[in-house]
Amino acid sequence: MTSRTFGRLRAGGAPLVIIGSFLIAGTAHAYSAFAPDSPYMFGDWGGERTALEDAGVAFSFDYVGEAATILDGGYRDSHVTKYADQFAVGANVDLDKLAGIPDAEFQITMVNRNGHTANDRLSDPDATVGGSNVQEVQGRGPVTRLTQFWYRQRFFDDALAIKLGRIPFGDDFATIDSNFQNLAFGGAQPGNWGNNIYNWPISQWAAVIRTNVASDWYAQLGAFNINDSNLENDNGFDLRTSGAEGTLFPVELGYTPTLNGMEGAYKLGFYTQNVENRAYGDGPATETSDTNTGLYYVVQQQVTTRGGNPDRGLTLFSMGNANHGDTAGIDRYVSIGATYEGPFDARPQDDAGIGLAYLHVNDDVKDYVDYYNATPAGLSSPLPRQGHEYDAEIYYSFNLTHYLALRPNLQYVVNPSAVDSVDNAWVAGTTIQASF
């Protein structure tokens, strides 16, 4: 749980690598390029990077690449390998240092994604609702987007914070530390299964108000503009509000204790929105409903240390999400798992993890499929009935230097795309993570 040199914020299939610049700001060292103890591959720019951080501007240049090979099973039963990646370039500005504005910061991040996913061969292409993705970094098109563009002001010794701008849902809500490659184990799971909840790298105009009611308790409320045009590849830098359809309102209560030196996070959230969505059932796809609500939880707790070192040890986690049956494609999701930091004395910076996730397709989707398959169009080209999907993953992360990690993994998918006629699949994956 404890953040070390490598840290990673997941936004539901949307990783932002935060290696180095945000964790070691203010250091007096001038690291050379490719130095193994440097947090950046290209070093400290002869000390200029540290000087900029001391002045209030911390840059990040990060890369994540994910490969996946279908070893057996899947819809097409083909042994393909697919690769997807992401470049993220950002700057965090401490406005107190730079401009004398106390307790204020500004963040800007641009993200470029490319590549393809093995799910194109793994899942049934005719499925009404999608399942998980064996490469969480893939998605939202091969395009460059403005992912973060926000201002945050803190008040009353950090008792209150207000954040305004272009914000992904997973920046603040349902977050979890994760190094898994399968989408079902990343952060902001409501954005993967709920309607109109946009995860990284999609941002929208939003406001988040957070109050720290105690040192280890907080409550926060958000308002996120819902606009499907944000999903279009041509609108990666479009800041207009025209075409807005409504607003998403998430609320989260969090408890972040440190128990015997071991960190934990316990989060309970609810969200609602005022937008009409497709209503599933035994009728045509034109039916809609304005009932769009959901609940979620996140639990993550370190339970052991290694030699009294809180940076090493076992952490357990679980996440869950329930969505309203009228409009949800996936109405129930739950995951459990464990990670271990520093499993070997010879490699104290490495980590390993294992996880299992369950996705359930709304029964109303099955009713719709049965209705459609009885129509002339369905009789000639029927849709597959969907039920549930299981995803499992085990990984080991070789943190080769402070700026480079190689993370092989093995995944097993039961009923890919929640279609039981699709063969269960074994998938071998590898994640490359670097900070420049």
Query raised in the report: Given (1) more than 24 Å from ALA88 (Cβ to Cβ); (2) crowded, with 16+ Cβ neighbours inside 10 Å; (3) not hydroxyl-bearing (Ser, Thr, Tyr), where does ASN274 come up short, assuming only one miss?
Result: (2)
Requested in this report: Can you tell me which residue among ALA67, ALA91 is within 15 Å of GLN433 (Cα to Cα) and not charged (D, E, K, R)?
Outcome: ALA67
Report summary line: The residue that is nearest to GLY90 (Cα to Cα), considering only those in the stretch 114-134 that are in contact with a Phe, Trp or Tyr (Cβ under 8 Å, 6 or more places away or on another chain) and not in a strand (DSSP E or B), is HIS116
Query - Residues of the stretch 313-358 that turn out to be more than 17 Å from ALA418 (Cβ to Cβ) and assigned to a strand (DSSP E or B), as a count - result: 21
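Picking from ILE202, ILE176, which residue would you name as being in contact with a helix residue (DSSP H, G or I) (Cβ under 6 Å, 6 or more places away or on another chain), within 28 Å of PRO416 (Cβ to Cβ) and not basic (Lys, Arg)?
So the residue among ILE202, ILE176 that is in contact with a helix residue (DSSP H, G or I) (Cβ under 6 Å, 6 or more places away or on another chain), within 28 Å of PRO416 (Cβ to Cβ) and not basic (Lys, Arg) is ILE202.
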Report summary line: Within the stretch 187-243, residues closer than 27 Å to VAL299 by Cα and of a type in the set (A, V, I, L, M) come out as ALA188, ILE197, ILE202, ALA206, ALA207, VAL208, ILE209, VAL213, ALA214, ALA219, LEU221, ALA223
Query raised in the report: Only one residue in VAL93, VAL137, VAL89, VAL111 is hydrophobic (A, V, I, L, M, F, W, C), in contact (Cβ under 8 Å) with a residue 24 or more places away in the chain and part of a loop (DSSP other than H, G, I, E, B), so which one is that?
Result: VAL137
Report summary line: Quick count over the stretch 63-111, residues being under 14 Å from PRO201 (Cα atoms) and either charged (D, E, K, R) or out of contact with any Asp or Glu (no Cβ under 6 Å at 6 or more places or on another chain) (or both), is 11
Query - Residue tally, condition surrounded by fewer than 18 Cβ atoms within 10 Å (Cβ to Cβ), of a type outside the set (Asp, Glu) and farther than 16 Å from ALA67 by Cα, over the stretch 109-128 - result: 2
Query raised in the report: So which residues in the stretch 96-108 are of a type in the set (Gly, Ala, Ser) and in a strand (DSSP E or B)?
Result: ALA104
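Yes/no matrix, rows are residues, columns are (1) under 30 Å from THR431 (Cα atoms); (2) basic (Lys, Arg):
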{"site": "ALA127", "(1), (2)": "yes, no"}
{"site": "TYR151", "(1), (2)": "no, no"}
{"site": "PHE155", "(1), (2)": "no, no"}
{"site": "LYS163", "(1), (2)": "no, yes"}
**Report entry** Residues that are outside any strand (DSSP E or B) and either of a type in the set (Phe, Trp, Tyr) or touching a Leu at 6+ places or on another chain (Cβ under 6 Å) (or both), drawn from the stretch 47-86
**Finding:** GLY56, TYR75
Requested in this report: Considering only residues that are charged (D, E, K, R) and within 21 Å of PRO190 (Cα to Cα), look in the stretch 206-249 and name the one that is surrounded by the most Cβ atoms within 10 Å (Cβ to Cβ).
Outcome: ARG210
Report task. Collect the residues in the stretch 389-417 that are touching a Pro at 6+ places or on another chain (Cβ under 9 Å), outside any strand (DSSP E or B) and surrounded by 17 or more Cβ atoms within 10 Å (Cβ to Cβ), keeping them in residue-number order. Result -> THR401, HIS402, TYR403, SER417
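Conditions tested, residue by residue: (1) without any contact (Cβ under 8 Å) to a residue 40 or more places away in the chain; (2) under 30 Å from PRO416 (Cβ atoms); (3) surrounded by 15 or more Cβ atoms within 10 Å (Cβ to Cβ).
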site	(1), (2), (3)
SER32	yes, no, no
GLU48	yes, no, no
PHE61	no, no, yes
GLY74	no, yes, yes
Report summary line: Contact list, first residue from the stretch 339-356 and basic (Lys, Arg), second anywhere and crowded, with 18+ Cβ neighbours inside 10 Å, beta-carbon distance below 9 Å, six or more apart or interchain, is ARG347/ASN399
Query raised in the report: For the stretch 211-228, which residues satisfy the criterion of being farther than 15 Å from PHE270 by Cα and within 21 Å of the chain's Cα centre (by Cα)?
Result: ASN225, ILE226, ASN227, ASP228
Report task. Filter the stretch 196-245 down to residues that are within 17 Å of GLY170 (Cβ to Cβ), of a type in the set (S, T, N, Q) and part of a strand (DSSP E or B) and give me whichever is modelled with the highest pLDDT. Result -> GLN220
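Residues checked against (1) touching a strand residue (DSSP E or B) at 6+ places or on another chain (Cβ under 9 Å); (2) polar (S, T, N, Q); (3) surrounded by fewer than 21 Cβ atoms within 10 Å (Cβ to Cβ):
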| residue | (1), (2), (3) |
| --- | --- |
| ILE101 | yes, no, yes |
| VAL143 | yes, no, yes |
| PRO190 | yes, no, no |
| SER203 | yes, yes, no |
Report task. For the stretch 172-195, name all the residues that are assigned to a helix (DSSP H, G or I) and either among the hydroxyl-bearing types (Ser, Thr, Tyr) or more than 25 Å from ALA161 (Cβ to Cβ) (or both). Result -> LEU183, ALA184, PHE185, ASN192, TRP193
Requested in this report: Scan the stretch 267-314 for residues that are β-branched (Val, Ile, Thr) and closer than 25 Å to PRO250 by Cβ and jot them down.
Outcome: THR272, VAL275, THR288, THR291, THR293, VAL298, VAL299
Query raised in the report: What is the residue count in the stretch 292-312 for residues that are crowded, with 22+ Cβ neighbours inside 10 Å and outside any strand (DSSP E or B)?
Result: 2
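The values are calculated or read from the model by the stated rules, or taken from the named source; none is laboratory data. None of these values were measured; they are calculated from a predicted model. Don't worry about glycine lacking a Cβ; one is built from the backbone with ideal geometry, like all the others, and counts go over all protein chains shown.
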